[in-house]
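The structure appears below as structure tokens.
Readers should treat all values here as calculations from the given coordinates under stated rules, not as data from a laboratory. For clarity, every value in this text was computed on a predicted model and none was experimentally measured. Note that we place each Cβ from the backbone using ideal geometry, even for glycine, and neighbour counts take in every protein chain shown.
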Amino acid sequence: MHDHDHAGDHAHDLGDSRPYDPVAAILANRADKDAFFAVSLDSPIPPSERFPFAGLAYFPADLAYRVEGLELTPYEGDGPQEFVIPTSDGDQRPAMRAGTIRFGLGGRELALVAYDLGTGSLFVPFLDATSGRETYGAGRYLDIEPEGDGTYTLDFNAAYHPYCAYSPDYSCPLTPAENRLPVRIAAGERLPVAET
């Protein structure tokens, strides 16, 4: 089963006239996702593990890991624009390098490549210094769409584990080497217990 863009959270409307509150949106999205994982027939959590299901593990919401107003610039790396991403089950998925997003975080200048998998949003998988210890070893994902002004937001609070982190029945794209960050991204989904 192929899946990756099941958890892209783009909730910018809390259903009333209150100003948009990013932390409230993060917490609401997490509550919705936990409820989905607990009861949906489409949940990646094996049925035998759904009760009791206390919810996924997350780093605390931290707006220091939310970067707004970013531009998607043409890809300038060494790889071809059109290529295939290997998946967790040994398959391959066609993809296109849509461009590069450069951003600052914690005083570091970083960059991630965004990929077009034909899902309507841009796919940004990444590895960081938490991978394999505090988070899933094969990386985490972000799904992003342009804001009204054409810029992008990287909100690592929305970083999520692929479904194959919960069940081998799913085929998930592996993170390309060009999207390995040399920093610790203590935001988004994490493992229930840190591995040492």
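Brief remarks follow.
Yes or no, residue by residue, for (1) closer than 28 Å to Y170 by Cα; (2) in contact with a strand residue (DSSP E or B) (Cβ under 9 Å, 6 or more places away or on another chain); (3) crowded, with 16+ Cβ neighbours inside 10 Å:
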| position | (1), (2), (3) |
| --- | --- |
| D78 | no, no, no |
| D89 | yes, yes, no |
| R97 | yes, yes, yes |
| F103 | no, yes, yes |
| A114 | yes, yes, yes |
| Y136 | yes, yes, yes |
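- Taken together, the criteria exclude A158 from residues that are more than 16 Å from S121 (Cα to Cα) and hydrophobic (A, V, I, L, M, F, W, C).
- Residue match in region 106-116 (condition: free of Cβ contacts under 8 Å to residues at least 12 places away in the same chain, assigned to a strand (DSSP E or B), hydrophobic (A, V, I, L, M, F, W, C) and out of contact with any Leu (no Cβ under 6 Å at 6 or more places or on another chain)): yes
- Number of the condition not met by P46 [criteria: (1) buried (at least 17 other Cβ atoms within 10 Å of the Cβ); (2) of a type outside the set (D, E); (3) under 25 Å from P168 (Cβ atoms); (4) touching a residue at least 60 places away in the same chain (Cβ under 8 Å)]: (1)
- A residue that is within 17 Å of the chain's Cα centre (by Cα) and part of a loop (DSSP other than H, G, I, E, B) occurs somewhere in region 88-95.
- Contacts under 8 angstrom Cβ, first residue in region 62-75 being in contact (Cβ under 8 Å) with a residue 60 or more places away in the chain, partner assigned to a strand (DSSP E or B) and among the aromatic types (F, W, Y), 6 or more apart: V67/F103; L70/F103; L70/Y152; E71/Y152; L72/Y152
- Some residue of region 41-57 being β-branched (V, I, T), more than 15 Å from D155 (Cβ to Cβ) and part of a strand (DSSP E or B): no
- Criterion: of a type in the set (G, A, S) and closer than 19 Å to R30 by Cα - qualifying residue of A177, A138, A158: A158
- Residue, farthest from G104 (Cα to Cα), within region 49-59, restricted to residues that are surrounded by 10 or more Cβ atoms within 10 Å (Cβ to Cβ) and either of a type outside the set (K, R) or under 22 Å from the mean Cα position of the chain (by Cα) (or both): E49
- From L122, L174, L127, L117, residue being of a type outside the set (F, W, Y) and closer than 16 Å to R190 by Cβ: L127
- Residue check: S88 meets all listed conditions (1) touching a residue at least 12 places away in the same chain (Cβ under 8 Å); (2) among the small types (G, A, S); (3) under 13 Å from P176 (Cβ atoms) but one, namely (3).
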